[in-house]
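Inspection log for the structure reproduced underneath, given as structure tokens.
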Amino acid sequence: MITAAGMSLMFFTPIVIKEAQGDGSISRIISSILYGLPLCFLLSAIRKRWLMLTLSGILFLTSFIETMMVVLFRNYIISGNIIAIMTTTMDEGGGFIRSSIHALPYSLPVLAGMFLVVHGARRQRHAYLHLACAAITLTLSAAFILYQLHWRWADNITPRFYITQNVWSRPPYNFFYQASESARQMRLKQRIAESDTMSFHSVRKLYKGRETYVLIIGESLRYSNLSIAGYHRQTTPQLEKESRLMVFDNYYATANLTMYSVPQILTRATATDFELCYKEKSIFKPFQECGFKTFAICCDNLIGYELYLTRGVDRLLSVKSDEEIAGVIDSLASRYEKTFFIVQMKGSHGPYENFRRQDDVFHPNPVSDGASWDDVEAKVNAYDNTVLYTDFCVSSIIRAIDKPESQAAMIMVSDHGDDFRPGTGGHGGNCNPDKAEYHVPLLFWNSVLWGENHAGKLFMAMSHRSIPLNADNIFYSVCDMAEIKIGRQYAREDWSVFSPKLTAHRRLLLVPDGRNHIRLD
Ligand SMILES: [Zn+2]
């Protein structure tokens, strides 16, 4: 039992130190101990002394690292730290060790734990007693997890998500989990490099004349807050004036986090095969293969740093505000005969401050009237002002591409919505999002010339305005909008909104662990 006590001291020191800092939680300490105890007893039951001591030595090292991490950074080690350690230079490593010496005394309990383990290993151990304790604590842990899943979370999260977040992401397991995560990330980076040589084998009929196509990704834009979709407040007055604008009312996001949603809009990746976004090029590639100049424009947001998503575009531009985007498109679309733009807007992300003085219409709001962000009505006022601003920016983009001699079209979707209810974090917080987090607008606009040349596609799109759709449909619809045909192994004709073969889409949502999905319909 001395061995098991030593193991416990080793494993639980970083947990207690972490919870003692800042927002400490007794229940998190207790649950973490419950999850770690079976391993303590299992290791103590090993009869081969050398094996037990070797495994304990490895766990001593990981507990020491975790303790240093929580003292220095208030967090357990994460995969990024492990990659940084593996790629650091001797100088950087030495500097880090010198600057963290003051944290060493906190690891004394870990050292004492290892001492107890070695001491306990000399004596006769009661293997069966340890195994019995392991079985009991394992049963207790399993019962506790079942309780949490079924009652606390009311089956709103998957067991795998819960265990990843609450068991594997805490000591003594966290180090090994993060090591496997960093190996996975390094493997994915290799995939990105390999995707540079892939081709969609895209073809299209020759069209003589100017063409401009745009895919806009909005940010946190809820379907229900657009007056063009029936909202009682006039939040989209400019878009309402567009006679050739179509609103699809049954489109869902495929994730409620930007980092998982945007890749699924831009690539063929889906909630069941998210890694495809690393293996294949994004939507700019078919356009490039057909002779278009391709551009990505962002506001220092996701596509500005997840560079793999646009790697290979002719230019990636970053602007300071959404209202600058239209000018950039205008100048590039008039310079080159055939252009395709990917746009990611700053939009309505919380806190809802992204609007001009002219859009400061709904009051009181926390931005200009000092109201509290906890006041839901005031928060919604600020949000609606950001929608007014988005309305202005998107209609400016339409004006920039609406030229009589140009065949032009635009698709706009939002990455996800937002939940205003008190106590909710906006979006991406759990695995059972409110509809407001994923019911978002899909807009389509076309120039007169595009409409004249594509009467059939326009008719099909009109007839599909209420069919169940999600981000899976975007890649194929954007290609179809420009009459680009991709190779048979990539094509999904029945997933384009312009296709007579389109069917109601089965809507899945990739939950915030980036691996599991839920069904929304
Ligand atoms: Zn987002």
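Students often get this wrong, so check it: of Lys205/Lys279; Lys205/Lys457; Lys346/Lys435, which have C-alpha atoms separated by over 18 Å?
Going by Cα-Cα distance, Lys205/Lys279; Lys346/Lys435 fall outside the 18 Å limit.
Would you mind getting me the FRET efficiency between Tyr305 and Ile136? Use the beta-carbon distance for r and R0 = 51 Å, nearest 0.05. E between Tyr305 and Ile136, to the nearest 0.05, is 0.60. Computed from phi, the 3J(HN,Hα) profile of the range 56-71 under the Karplus parametrisation 6.51, -1.76, 1.60 (θ = phi - 60°) reads 5, x, 4, 5, 4, 4, 5, 5, 4, 5, 4, 4, 4, 4, 5, 5 Hz, with x in place of Gly and Pro. Amide H contacts under 5 Å for Asn470: Tyr252, restricted to partners 5 or more places along the chain or on a different chain, H placed in the peptide plane at 1.01 Å from N.
Among the GluC sites (Glu not before Pro) in the range 374-448, those located in a DSSP loop and surrounded by at most 14 other Cβ atoms within 10 Å of their own Cβ are Glu405.
Note: relative contact order over the range 1-54, using C-alpha pairs below 8 Å and six or more positions apart, is 42 percent.
Could you work out how far helix 376-401 tilts from the main Cα principal axis of the chain, as a 0 to 90 degree angle to the nearest 10? Once rounded, the angle reads 50 degrees.
Once the Cα atoms are used to define both axes, helix 174-195 deviates from the longest principal axis of the chain by about 30 degrees. Charged side chains reduced to their Cβ positions (Lys and Arg at +1, Asp and Glu at -1) give the range 166-210 a dipole of some 460 debye around its Cα centre.
For Lys293, the amide hydrogen comes within under 5 Å of the amide hydrogens of Lys338, Thr339, Phe340, counting only partners 5 or more places away or on other chains and with H modelled in the peptide plane. Among Glu353, Glu289, a tally of other beta-carbon atoms within 10 Å of each Cβ gives an order, fewest to most, of Glu353, Glu289.
Measuring nothing but how far apart in sequence close Cα pairs (under 8 Å, 6+ apart) lie, relative to its length, the chain scores a relative contact order of 18 percent.
Residues of the range 209-236 with an amide N closer than 17 Å to a point placed 7 Å from the Cα of His363 along the Cα-to-Cβ direction: none. Overall, the range 390-506 carries a charge dipole of about 300 debye about its Cα centre when +1 sits on the Cβ of Lys and Arg and -1 on the Cβ of Asp and Glu, all other atoms neutral.
The alpha-carbon of Lys281 sits under 18 angstrom from the alpha-carbons of these lysines, leaving out residues fewer than 8 places away in its chain: Lys189, Lys293, Lys485.
Sites listed here are trypsin sites (Lys or Arg not before Pro) in the range 143-233 whose DSSP assignment is loop and whose Cβ has at most 11 other Cβ atoms within 10 Å: Lys205, Lys208. Ranking Gln178, Thr294, Gly514 by Cα position along the charge dipole of the chain, where only Lys, Arg, Asp and Glu carry charges on their C-beta atoms, puts Gln178 farthest toward the positive end. In the chain, a dipole from Cβ-located charges (positive for Lys and Arg, negative for Asp and Glu) runs towards its positive end, and of Val497, Gly487, Ile33 it is Ile33 whose Cα lies farthest in that direction. In a DSSP loop and with at most 10 other Cβ atoms within 10 Å, the trypsin sites (Lys or Arg not before Pro) in the range 383-490 are Arg488. Its DSSP H runs of at least 4 residues, each contributing -39,500 (n - 2.57), put the calculated 222 nm mean residue ellipticity of the chain at -14000 deg cm²/dmol, to the nearest 500. Between the listed residues Phe284, Ser79, Val319, the Cα displaced farthest toward the positive end of the dipole of the chain, a dipole computed from Cβ unit charges relative to the Cα centre, is found at Ser79. Segment Glu194..Thr272, full-extension length gain: 25.9 nm, with 0.36 nm per residue of separation and the alpha-carbon distance subtracted.
Hey, what angle do you get for helix 26-44 against the long axis of the chain, alpha-carbon based, 0 to 90 degrees rounded to 10? Orientation of helix 26-44: about 60 degrees from the principal axis.
With the contact rule set at Cα under 8 Å and sequence spacing of 6 or more, what percent relative contact order holds for the range 328-487?
So the answer I get is 17 percent.
Full extension of the chain segment joining His119 with Arg187 gains 20.3 nm, where the gain is 0.36 nm per residue of separation less the Cα-Cα distance.
How many percent of DSSP beta bridges within the chain run antiparallel, rounded to 5?
Beta bridges within the chain, antiparallel portion: roughly 35 percent.
Put a plus charge on the Cβ of each Lys and Arg, a minus charge on the Cβ of each Asp and Glu, and nothing anywhere else: the dipole of the chain about its Cα centre is then about 2140 debye.
The numbers here are math on the coordinates, done by the rules we state, and not lab data. Just so we're clear, the structure is a prediction, and the values are computed from it rather than from any experiment. Methodologically, a virtual Cβ is constructed for each residue, glycine included, from the backbone with ideal geometry; neighbour enumeration extends over all protein chains shown.
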